[in-house]
Amino acid sequence: MSNSGSRASLANDFERFKRELPRDFPSHVRDTYRIDLSARYLGERLPHPIGKGSGQLSLNGGQLETDAEAGLAFAVLKTVIAQDAAGDQSMAAWAIHETKMKVERRGAGWTVTWKGRGWDRSFEDYLSLVRAGRDLTRAGQLLTVPSVKYHLPRLDEPFRDAEYTYTTRALATAWGESPLPLEKDFSPTLAGDRLADERQQILRWLREVPQHIRAHADVRLSMKLMNARFDDDFQREMMEAAGEADALVVFNRLFDAEQGLAYGGPELSERNLRVLDRASDRPTVRPSLSGTGNIHSGRMIVEYALRGCSSVQLHTFFQLPLEEYPASDGSRTQRALHALIFDPRDGLIAVMLEREGSGSLERHGGELLFLDLVPGAKR
Ligand SMILES: Cc1cc2nc3c(=O)[nH]c(=O)nc-3n(C[C@H](O)[C@H](O)[C@H](O)COP(=O)(O)O)c2cc1C
């Protein structure tokens, strides 16, 4: 089909999928547009790049099932606070109940209030959620990834390995298969904590955490980096220090010290993209990158992809008031995917066709490939 023929199909698909998005939309996109949306996260092939970031939208099996039915590519489970065999948690301050979330406009975008807390139920309950996620992963329906916040020491202190041992082994047992995919969360409120006052302290965590986790299980490790309260150069230094991870999630929310909360919106994506711009001289593909922060359109997915992200993790866009989505039916996940993929102006298909038209994206074997947008990505 010609580029203009594809655009006509797109307008048509956008309209008819408002009522129902087919679960296997990636195959439809491949057949109709000859666009291959395949993406990657933590070494796994994904049908498309869009996943859900850790948080309040992945707290129970019902949410995961809805996401699997909608055809989401992956979901990161809510962050659990690590504990030792006796149940002690050095990061217990983060294991308290989240106050009610409020979705608000921020600049030209949206943000959701979040005090940056983790899982507040028992560790046993979390392991049940991990098993539910494992079942969906094994059935090929939805890749799920547990997320943990482990002890982080001051410079003159050792790591509390008892937490790393107990938590990692329990998760690996619940997962059952090797390797265990895992995200290590360095959350935005950590950036606001006195623990993160010192650069050397943060860099040590990023260098040493992978070995403390991997000592206890075969883990494929992603580290979700915070936006520290330092400049862009330091943000790059953090990425380099975290070079032992298999993947990096770049970068979690900004921290508002006055209000004591983490926020997103346009300031977040501006900062993240600006820092990633400096990464163009990255010598290797390891660790691979997964983008997060103010992603609300296919156009924004492409901005992250061009800066090295072979998948993306959204939270806020899955939480908007229903009237903000163009679709009229379906779960929020379906409505969000519909807009991200099929919007005729700013959806992922439209932007890839636009790049083909301008000569910045070429067909291979007749197909446009999402991963061709990503410098250094393995197809
Ligand atoms: C209410 C809420 C809870 C969140 N909880 C977590 C969490 O437990 N662990 C984590 O790593 N990130 C957490 N996040 C961060 C999101 O996963 C995401 O990376 C971040 O909000 C940026 O993406 P967005 O602009 O699409 O929201 C949370 C975000 C929100 C809004």
Report summary line: Apart from one, (1) more than 22 Å from residue 152 (Cα to Cα); (2) within 16 Å of the ligand (Cβ to nearest atom); (3) assigned to a helix (DSSP H, G or I) all hold for residue 235; the odd one out is (1)
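Is it true that residue 125 is modelled with pLDDT under 95, over 22 Å from the mean Cα position of the chain (by Cα) and open to solvent by 10 Å² or more (accessible area, probe 1.4 Å)? So that I can check it myself, show each step before the final result.
Details: modelled with pLDDT under 95: no; over 22 Å from the mean Cα position of the chain (by Cα): yes; open to solvent by 10 Å² or more (accessible area, probe 1.4 Å): yes.
No.
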**Report entry** For residue 222: the one exception among (1) assigned to a helix (DSSP H, G or I); (2) touching a residue at least 60 places away in the same chain (Cβ under 8 Å)
**Finding:** (1)
Report summary line: All conditions in (1) buried (at least 23 other Cβ atoms within 10 Å of the Cβ); (2) out of contact with any strand residue (DSSP E or B) (no Cβ under 8 Å at 6 or more places or on another chain) are true of residue 322 except (1)
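List the strands (runs of 3 or more DSSP E) inside the stretch 36-76, counting only whole elements, that have at least 2 residues being surrounded by 20 or more Cβ atoms within 10 Å (Cβ to Cβ) and not hydroxyl-bearing (Ser, Thr, Tyr).
Numbers: elements: 39-41, 44-46, 50-52.
Hits in the stretch 36-76: 39-41, 50-52.
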Query raised in the report: Is it the case that residue 311 is more than 30 Å from residue 15 (Cβ to Cβ) and surrounded by 23 or more Cβ atoms within 10 Å (Cβ to Cβ)?
Result: no
**Report entry** Residue in the stretch 49-66 that is farthest from the ligand (Cβ to nearest atom), counting only those that are of a type outside the set (Gly, Ala, Ser) and closer than 15 Å to residue 334 by Cβ
**Finding:** 65
Report summary line: Over the stretch 1-21, the set of residues open to solvent by 40 Å² or more (accessible area, probe 1.4 Å) and in contact (Cβ under 8 Å) with a residue 12 or more places away in the chain is 1, 3, 7, 11, 18, 19, 20
Query raised in the report: What are the pairs, 6+ residues apart or on separate chains, where a residue within the stretch 365-379 that is at pLDDT below 95 has its Cβ under 9 Å from a residue that is acidic (Asp, Glu)?
Result: 379/36; 379/372
Report summary line: Within the stretch 89-104, the residues that are touching a residue at least 40 places away in the same chain (Cβ under 8 Å) and open to solvent by 30 Å² or more (accessible area, probe 1.4 Å) are 89, 90, 101, 103
Report task. Give the stretch 242-288 a look and list any residue that's more than 13 Å from the ligand (Cβ to nearest atom), at pLDDT below 85, crowded, with 16+ Cβ neighbours inside 10 Å and not in a loop (DSSP other than H, G, I, E, B), or say none. Result -> 279
Report task. Confirm whether residue 112 is in contact with a Phe, Trp or Tyr (Cβ under 7 Å, 6 or more places away or on another chain) and in contact (Cβ under 8 Å) with a residue 60 or more places away in the chain. Result -> no
Requested in this report: Given the conditions (1) open to solvent by less than 20 Å² (accessible area, probe 1.4 Å); (2) of a type outside the set (S, T, N, Q); (3) over 23 Å from residue 273 (Cα atoms), report the number of the one that residue 212 does not fulfil.
Outcome: (1)
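The values are calculated or read from the model by the stated rules, or taken from the named source; none is laboratory data. The structure presented is a predicted model; accordingly, all values stated were derived computationally and were not measured. For neighbour counting, all protein chains shown are included, and Cβ atoms are generated from backbone atoms with ideal geometry for every residue, glycine included. Calculation scope for accessible area: heavy atoms of the full protein, side chains included, ligands and nucleic acids excluded. Shrake-Rupley method; radii C 1.70, N 1.55, O 1.52, S 1.80 Å.
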